[in-house]
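Below: the structure, in structure tokens.
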Amino acid sequence: MALRAILCGSAMQHQLPPRGTESRILPLLAADAFLVGLSFGLLYNAGYTLLVYRFGSGGLRLAYIMAGVLVPMVSLGFQALEERISIFRLSSTTKLTFALAAPILFVLTFPRFGWLSVVAPFIIMLTHTMGALYTFMLRGSIAAELYDPRTLKGVYPRLTAWEMIAVVCAGLAVAPLSQLLGSVEAIVPLSGAALIGSLLIGRHLQHLVGADSHQPAPPSEDKSHHSHSAVASLKTLVSNRYAMLVFLYQFLAFSTSLLLQYVVYSQAQRVFVTQAELTQFIGLAKSLVTAGAMLFTFLAAGYLLLRYGMLAGLGGGPALISIGIGASFAAAALGVSPQVFLGILVAIQVLEYGTYSGFAKTSVQSAFQPLPAHEREAVHGFAQGIGIPLSYGFSGLVLMGLSRVDSAEGGYAVGVALVFTLAYAAAGVLLFRAYGAQLRTSLSRRRIDGVDLVFSDASTREVLHRLLDTPDRWQVRAALDLMHEAGMPDYETCVQELTASPHPGVRAEAFTRVEELKPDWAEPLARAAVNGHEPVEVRQAAVGAWCATSEDPVADVAPLLTAHEPQIRAAAVTGLFLYGGINGILHAGNVFNSLVASTDPADRRHAADILARLGVRSFYQPLIPLLHDHDSEVQLAALRAVRAVAHPALLPEVIALTEPAHTRAEALAALAGLGQAVLPELTRIVNQNSALPPHTCVRIVRASPRMEQSGVTAVLVQGLPRPQGELTTAILHALVARGYRADAATRPQVLGAIDRRMSRAALAVMALHDLSADGPMLRALVSAAHDSYVRSVEDAFLLLSLLHSQDEVQGVRRRMLEGTQRDRALAAELLDVILTGPLRQRMLAVTEHRDDRPPEIEKYHELFGLRPLGANARVNQIANNPELWPQQWPRICARAAAWSLGLSQNKPEDSVLTTIERVLALKTAEIFAGIPDAVLAHIASIVEEIDVAPRETFIHKGELGSCMYTIREGLVLIHDGDRRFAELGPGEVVGEMAVLDPQPRSASATALEDTVLLRLDKEAFDSVMADHPSLAQGVIAVLCRRLRSGLQDG
């Protein structure tokens, strides 16, 4: 239904203009708006003068009804054109049509045409209504295609203001032109001439942005949305509350405007008797109304919209109009003269037109943006193409009814206008609330949380049974878990049937469930499985089931303590410990001790597994030697057992195992299992009293979200006032992960912390403005300043998640920092909705900054007290002011930059300069894109720099890889003998698969020229990756890119 070329957000992005043309587009749009406004301003003055003079207020009522009946029908044809031709071509066609109509309308006013000359004012009025409506829609649509929703708030009021200037000019010119040309009717052809000028500007704009007028707008991805009939659009409105509110707001806004216009012109008819006087009044009144609105739009509308957001845009107009109507009632009660009363009504119309043009039009354009693409099309077209004309008809019917009871002073009409204004205000408030909710729906992450599991329908049960029929044990486990959680009555029956499955893994899973259920029917099945010829995994699970269901597990299972397979012995020990009582423990104790002391690592792993199954808190001593075991697999099994045993005496051993990369993940999981035992150490960490190394403290905090104890959150909250740093960021992540929401006591702390982060980010923005990336040391400082900006903004969003919905805020963060221009604009809109006061202004100023644009200096000075310092002063500030720049890495880079610029005689150590150069080299590699500069500095300190001569092969196909290389300088050929795969240059990585999955190399790598490489071994990579998973994501991104490239080349 709507203008597909600009509103299909999911099917096409904004058609952004080519680089270098942005500064030329706005003047062209403004000139186009001026000429269109001039054209329809002249037509408006001529048509309404003829209509009011010849037919009075009754003519206005009839004209409104005619517009309400006829214009929607024409809009349906306009809709059909939208479906078939491009937006620019439709704009040209529309302007040409109305330009050619102007001289025809003039001819129709000649008396020789009889009844046509009588109804000519109505035809002129209808032509003005349709032309102004369709060109308004097209201009808004083209602007929405060229600008994102956030920028549109600043641009669109300016376009509207230029249209208003033209309307003012038209109003001032109508009286002298009518005298010059001999009649009001002679003005009509001039409107066509202005439209021809607008048509030429539109064609130039189309050429400038590179739009193809001969191509229809791209279709939506969903073919069901290719066409939007009036019925389909109406269904969308009725079924979508938000869409209905947009439509209702637009409808009430225009109805209010029409009612006020009617009141003004009705009163003017009583005051001015001759056509010349009426012509002059309508022209001057239109000029005055438009000029007042123009001044408001130029001077205040855009600023107020950006400062106070959508609530001011949607509710400010009706609030001011209501005050004005109240003043008119007071004036009428005081008995003022008709001329004074008319002046008050004109003033109210100034308020209405100014707020509608400067506020409501822009806000409605923004309100369309959060809708899904297909709904946006339907609502935009229906609300403007049909809803606005319907408001004419509705207003005409209301006024027709009032004409039977209205007094000579028009008081009833003013009262009805007040009722409409109040409804207009209520719709604005409701739309504002719904706008925030719609933005949240559009931007927040999708997740399933707390869903009730119901499997009563046949289709869902069919899917469940298909899972149970697979040979995959994990799928069967998932299906059984769902059945158990849903309390399905046939859960036990399914388990019994699965013990006879043809798939060993499924049978093993079934016997594991039998041990939990302990049904009467299971003992013979378990005994038969243990004593039969089943695979070891099935017999192992069956041993547990047999012990759980046997009347005398010691007598039945004790012989298995000497079984040949260690898995069976371990299962027997576990079963007797759990179900054999004292006698079972005595029988199994010696076997368990032998497993712990065995020289075979597999036995010791089984011992750890037994402890995990038992989960007896007091039985922790055997875990201590297993945690110190020289075999890493035994250590991992022991750490898994720690989670079940959860004895505080194991805490020092577990903390020590967070250091090695290969045990770090399991050790952190074990810390989460220890829970209460970790709280004292966690408290010391948060309060900076811990004796542990800083990186260990960070790791423990990162593990805290998995701790179930309620006291953990209270401890973490104590860290909110901490200064910015890696540990503080970890605390914030942990609070967000635990779902913490700030209460009245902590809210001021959170707000203060956000304010400090915004100040720090603004300082980084100003530093980036001052600094230039000339030379390696300054490039490193620029990179460090940008990294400081990103970390401060990310911290601010984490803090904001403690005040508002985490899904919403993190969705905004992702789109602000990583999204497209449209994503960032919608994200800014949501911040505009959920934030208030100075915090909103500061956060929007910082988060909307882009590296390719200079900051708004005056705004930053007003909000943060910051001004540019120049490069040298900024370098000195970063190097020597730890209060403003507490992070160590930016200060190191600044001191190196100060030395390179001659601002300091203190040359940094060679190792520092080397590290900075390596960080710059690593920074160019895609694999390290998401790693903070300070972490890259650590990686740079542990990589090995290798010089490779031309034609030297440093990776040979088939050798076992244990490292990866980043190319710092030079060129490398990836090949298999004579077969060449790729040539890689600086910033590319080579051999990255070896650090993820050490396997024989799949190709060779040879230097084509003198090459410098940075070698990172797998052990060091694993250590860094354990703390920064984004490093693995970088490797995967590189592999995916190369795979895509290989597929395209192949």
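The values are calculated or read from the model by the stated rules, or taken from the named source; none is laboratory data. Note that the structure is predicted; figures quoted are calculated from it, not measured. Counting neighbours? That spans all protein chains shown, and the Cβs are built from the backbone with ideal geometry, glycine included.
Points worth noting:
- With respect to being modelled with pLDDT under 90 and either in contact with a helix residue (DSSP H, G or I) (Cβ under 7 Å, 6 or more places away or on another chain) or aromatic (Phe, Trp, Tyr) (or both), residue 1022 fits the description.
- Complete set of residues in the stretch 903-923 that are of a type in the set (Asp, Glu) and either free of Cβ contacts under 8 Å to residues at least 60 places away in the same chain or farther than 16 Å from residue 970 by Cα (or both): 909, 910
- Elements of the type helices (runs of 4 or more DSSP H) sitting completely within the stretch 546-655 and holding at least 1 residues that are outside the structural domain of residue 669 (by TED's automatic domain parsing), over 29 Å from residue 527 (Cα atoms) and of a type in the set (Val, Ile, Thr): these cover 623-627, 632-645.
- Qualifying residues in the stretch 865-902 (those that are aromatic (Phe, Trp, Tyr) and under 23 Å from residue 728 (Cα atoms)) - the one surrounded by the fewest Cβ atoms within 10 Å (Cβ to Cβ): 885
- Looking only at the stretch 656-670, and only at residues there that are in a helix (DSSP H, G or I) and either aromatic (Phe, Trp, Tyr) or out of contact with any Lys or Arg (no Cβ under 8 Å at 6 or more places or on another chain) (or both), the one that is surrounded by the most Cβ atoms within 10 Å (Cβ to Cβ): 667
- Criterion (touching a Leu at 6+ places or on another chain (Cβ under 9 Å), among the aliphatic types (A, V, I, L, M), in the same structural domain as residue 132 (by TED's automatic domain parsing) and at pLDDT 80 or above) met by exactly one of 52, 119, 69, 107: 119
- Single unsatisfied condition, residue 129 versus (1) in contact with a Ser or Thr (Cβ under 6 Å, 6 or more places away or on another chain); (2) polar (S, T, N, Q); (3) touching a residue at least 24 places away in the same chain (Cβ under 8 Å): (1)
- One residue from 265, 303 being modelled with pLDDT under 75 and either outside the structural domain of residue 155 (by TED's automatic domain parsing) or assigned to a helix (DSSP H, G or I) (or both): 303
- Residues satisfying the stated conditions in the stretch 971-1001, i.e. over 35 Å from the mean Cα position of the chain (by Cα) and surrounded by fewer than 14 Cβ atoms within 10 Å (Cβ to Cβ): 976, 977, 978, 979, 980, 983, 998, 999, 1000
- For the stretch 814-848, a residue qualifies if it is of a type outside the set (A, V, I, L, M) and at pLDDT 80 or above, and the qualifying residues are 838, 840, 841, 842, 847.
- The one condition from (1) in a helix (DSSP H, G or I); (2) not assigned by TED's automatic domain parsing to the domain that holds residue 856 that residue 741 does not meet is (1).
- Remark: pairs (first residue in the stretch 931-954, under 27 Å from residue 1006 (Cβ atoms); second residue of a type in the set (Phe, Trp, Tyr); Cβ separation under 8 Å; 6+ apart in sequence or on different chains) = 939/928; 946/954; 946/965; 948/954; 954/965.
- Within the option set 714, 764, 773, 785, being in the same structural domain as residue 897 (by TED's automatic domain parsing), modelled with pLDDT of 90 or more and out of contact with any His (no Cβ under 8 Å at 6 or more places or on another chain) holds for one residue only, 785.
- Any hit, the stretch 119-127, residues being farther than 17 Å from residue 51 by Cβ, among the hydrophobic types (A, V, I, L, M, F, W, C) and crowded, with 17+ Cβ neighbours inside 10 Å: no
- Top-ranked residue of the stretch 942-970 - restricted to ones that are surrounded by fewer than 17 Cβ atoms within 10 Å (Cβ to Cβ) and within 44 Å of the chain's Cα centre (by Cα), ranked as farthest from residue 999 (Cα to Cα): 969
- First in the stretch 995-1011 and touching a residue at least 24 places away in the same chain (Cβ under 8 Å) and more than 16 Å from residue 983 (Cα to Cα), second anywhere and among the charged types (D, E, K, R) and surrounded by 13 or more Cβ atoms within 10 Å (Cβ to Cβ), Cβ under 6 Å, 6 or more apart: 995/1018; 1001/957
- Residue selected from the stretch 674-685 under the condition under 35 Å from the mean Cα position of the chain (by Cα) and buried (at least 23 other Cβ atoms within 10 Å of the Cβ), by the criterion farthest from residue 644 (Cα to Cα): 685
- In the condition set (1) in a helix (DSSP H, G or I); (2) at pLDDT 90 or above; (3) not acidic (Asp, Glu), residue 692 is compliant with all but (1).
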